[in-house]
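Colleague: What follows is a structure written as C-alpha cells; I'll ask about it next.
The values are calculated or read from the model by the stated rules, or taken from the named source; none is laboratory data. Since this is a predicted model, take the numbers as computed values, not measurements. Positions of Cβ are generated from backbone atoms using ideal geometry, with glycine treated the same way; all protein chains shown enter the neighbour counts.
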Amino acid sequence: MTTRPPQAIEKVQPCTTMQDVRREVNALDDVLVPLLVERVGYMTQAARIKQGVEQVRDEARIEAIVARVRERAQAEGGDADVMEAIYRSLMEACIAYEHREFVRLREPALAGSAA
C-alpha cells in the first residue's frame, strides 16, 4: 500500500493569533517571491522568442494554464476559484510585462529603422 504525499492544505499550521498567521504567511511569501521573479523572467525570454507582438497574448495558453491550475488546486485541497482568480491576475501582469519587454528588446532596431 502506497501513501500519498500530504496535500498543501494539510500543511497549514494551526494559529491562535494574527501574529502566528502573519509569520506563516511571511514565510510562504519568502518562498513565493523568488519563484514569481523566476516565472516573470521567463516572460523576457518569451518576448525575445516571439516574432510578433500579437503573439504576446495567447488566449488558448491562458485557458490551458487556468485548467491546469484549477486541477492542481483541487488536488492540493485548495479552492479552485481562488486559484483561478490569482492566476488570471498574475497572467495579466505577466502579459503586460511581456508587452513592455517585447518593445524594449526591439527599441534599438525600431530606432535604427526610423533613421
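Colleague: If I ask for residues that are of a type in the set (A, V, I, L, M, F, W, C), outside any helix (DSSP H, G or I), over 18 Å from Gln74 (Cα atoms) and modelled with pLDDT of 95 or more, which ones from the stretch 1-34 would you list? Lay out the reasoning, then the answer.
Modeller: Quick first cut of the stretch 1-34, residues of a type in the set (A, V, I, L, M, F, W, C) only: 1, 8-9, 12, 15, 18, 21, 25, 27-28, 31-33.
Now drop any that are not outside any helix (DSSP H, G or I), which leaves 1, 12, 15.
Imposing the further condition that a residue be over 18 Å from Gln74 (Cα atoms) reduces the set to 1, 15.
Selection gives Cys15 alone.
Colleague: Right, here's the next one. If you take the residues in the stretch 39-67 that are touching a residue at least 12 places away in the same chain (Cβ under 8 Å) and in a loop (DSSP other than H, G, I, E, B), which one is surrounded by the fewest Cβ atoms within 10 Å (Cβ to Cβ)? Walk me through how you get there before you give the answer.
Modeller: Kept after step one, since they are touching a residue at least 12 places away in the same chain (Cβ under 8 Å), are these residues of the stretch 39-67: 39-40, 43-44, 46-48, 50, 53, 56-57, 62, 65-66.
Of the ones still in play, those that are also in a loop (DSSP other than H, G, I, E, B) are 50, 56-57.
On the way: Lys50: 16, Val56: 20, Arg57: 14.
Applying the filter and picking the extreme gives Arg57.
Colleague: If a residue has to be touching a residue at least 60 places away in the same chain (Cβ under 8 Å) and either out of contact with any helix residue (DSSP H, G or I) (no Cβ under 8 Å at 6 or more places or on another chain) or at positive phi (or both) to count, how many in the stretch 68-83 make the cut?
Modeller: Looking only at the stretch 68-83, we keep the residues that are touching a residue at least 60 places away in the same chain (Cβ under 8 Å), and these are 75-78.
Adding the requirement that they be either out of contact with any helix residue (DSSP H, G or I) (no Cβ under 8 Å at 6 or more places or on another chain) or at positive phi (or both) leaves 75, 77.
Summing the residues that are touching a residue at least 60 places away in the same chain (Cβ under 8 Å) and either out of contact with any helix residue (DSSP H, G or I) (no Cβ under 8 Å at 6 or more places or on another chain) or at positive phi (or both) in the stretch 68-83 gives 2.
Colleague: Is at least one residue of the stretch 10-18 among the aliphatic types (A, V, I, L, M) and over 27 Å from Leu105 (Cβ atoms)?
Modeller: Looking only at the stretch 10-18, we keep the residues that are among the aliphatic types (A, V, I, L, M), and these are 12, 18.
Next cut, over 27 Å from Leu105 (Cβ atoms) only: 12, 18.
The answer is yes, given that some residue of the stretch 10-18 is among the aliphatic types (A, V, I, L, M) and over 27 Å from Leu105 (Cβ atoms).
Colleague: Any residue in the stretch 24-38 that's within 13 Å of Leu90 (Cα to Cα): show its pairings with residues that are part of a helix (DSSP H, G or I) and of a type outside the set (Asp, Glu) at Cβ separation under 8 Å, as long as the two are six or more apart or on different chains.
Modeller: Every condition considered, the pairs that remain are Leu36/Leu90.
Colleague: Same structure again: For Gln19, are the conditions met, namely being without any contact (Cβ under 8 Å) to a residue 40 or more places away in the chain, surrounded by 11 or more Cβ atoms within 10 Å (Cβ to Cβ) and of a type in the set (S, T, N, Q)? I'd like the intermediate steps shown before the answer.
Modeller: Numbers: without any contact (Cβ under 8 Å) to a residue 40 or more places away in the chain: yes; surrounded by 11 or more Cβ atoms within 10 Å (Cβ to Cβ): no; of a type in the set (S, T, N, Q): yes.
For Gln19, the condition - without any contact (Cβ under 8 Å) to a residue 40 or more places away in the chain, surrounded by 11 or more Cβ atoms within 10 Å (Cβ to Cβ) and of a type in the set (S, T, N, Q) - is not met.
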